[in-house]
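Q: I'd like to ask some things about the structure below.
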Amino acid sequence: MAGVNLDRVRASPLHRQLPPAALAFLESLSGARSVLVASDGNNYLLLTRGDFRQAPSGTTLLGQGLAAVGSADWLRAAASQRAHGAIGANGLLIRAEPIAAAADIWIAAAGSANLPVSGNGENLNRLLHQTEYATLTVRLTDNLAIDVMGVCRGPEAALHLEETVRAIVTLGAAGTARQPAVSGLLRHIRVTRDGRAVHLTLATQAAELETVFRLLGIGS
């Protein structure tokens with residue numbers, strides 16, 4: 001599951017420093033105030049909430065200000081739940097609620113999930129599979145704050161994950177020594193562990209935003 005509080009993102013001083021693709025996405029959702037996406041790897045559902053009375057192009061209006069697009073079965077299920085006021089039980093949704101309330105951008109993923117990545121991105125899936133679930137939050141104020149948390153099945157698994165993540169960050173910083181901006185950014189990453197949870201945090205200034213995008217493989 002993933003969500004974006006569009007109002008907060010648009011109000012952020014960092015808004016205009018987002019990559020062109022991200023800005024184009026925001027502009028395509030000019031009437032929306034927030035977006036929620038859910039997927040199990042095969043099916044998906046995208047919900048947008050905003051100040052529109054008619055369904056945006058290609059979507060289905062589930063109620064005033066709530067539009068949806070997605071896989072046929074999930075779209076029907078969402079319409080049924082909306083009509084009957086029922087909320088399906090979902091452990092991942094429960095874990096996502098606290099971060100969704102506070103973050104500008106967030107992701108919650110089950111440890112068994114496979115993210116749509118390839119190449120070096122496959123390392124993310126290997127790390128994710130060491131967890132019971134993982135979350136990512138992004139806050140955009142005058143600065144950028146990122147927090148990734150992986151909750152493992154036990155303390156030993158968390159220790160192994162912490163050591164693996166710490167090694168990846170350390171080797172990455174050493175391997176990018178000829179790219180001072182990237183290497184410096186990696187050296188600012190903090191990796192900590194608390195019981196079953198491993199945290200990776202990064203707080204950076206607006207001037208380093210482009211470097212963050214380059215590190216994530218997002219075009220600027």
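Q: So what are the ³J(HN,Hα) numbers for the stretch 42-58, from phi and the Karplus equation (6.51, -1.76, 1.60; θ = phi - 60°), rounded to whole Hz, Gly and Pro as x?
A: 10, 9, 8, 9, 10, 10, 10, 10, x, 9, 9, 9, 10, 5, x, 3, x
Q: Oh, and also: With a ≥ b ≥ c taken as the square roots of the eigenvalues of the C-alpha gyration tensor of the stretch 1-132, please select rounded if a/c is under 1.5 and otherwise prolate if a/b is larger than b/c or oblate if it is not?
A: In terms of gyration-tensor shape, oblate.
Q: Which shape class, rounded, prolate or oblate, goes with the chain when its Cα gyration tensor gives a ≥ b ≥ c as root eigenvalues, a/c under 1.5 marks rounded, and past that a/b bigger than b/c marks prolate?
A: It comes out oblate by the Cα gyration axes.
Q: Could you give the DSSP H helices of the chain that reach 15 angstrom or more along their long axis (alpha carbon positions) and whose average Kyte-Doolittle hydropathy is no lower than -1.0?
A: Correct list, ordered by number: 72-84, 91-102, 155-175.
Q: How many percent of the accessible area of the chain is carbon or sulfur, using a 1.4 Å probe?
A: That share works out to 55 percent.
Q: Please compute the per residue accessible area over the chain with all protein chains in place, 1.4 Å probe, rounded to a whole number of Å².
A: Ligands and nucleic acids excluded, the result is 58 Å² per residue.
The values are calculated or read from the model by the stated rules, or taken from the named source; none is laboratory data. Computed from a predicted structure; not experimentally measured. For accessibility, only protein heavy atoms count, side chains too; no ligands or nucleic acids. Shrake-Rupley method; radii C 1.70, N 1.55, O 1.52, S 1.80 Å.
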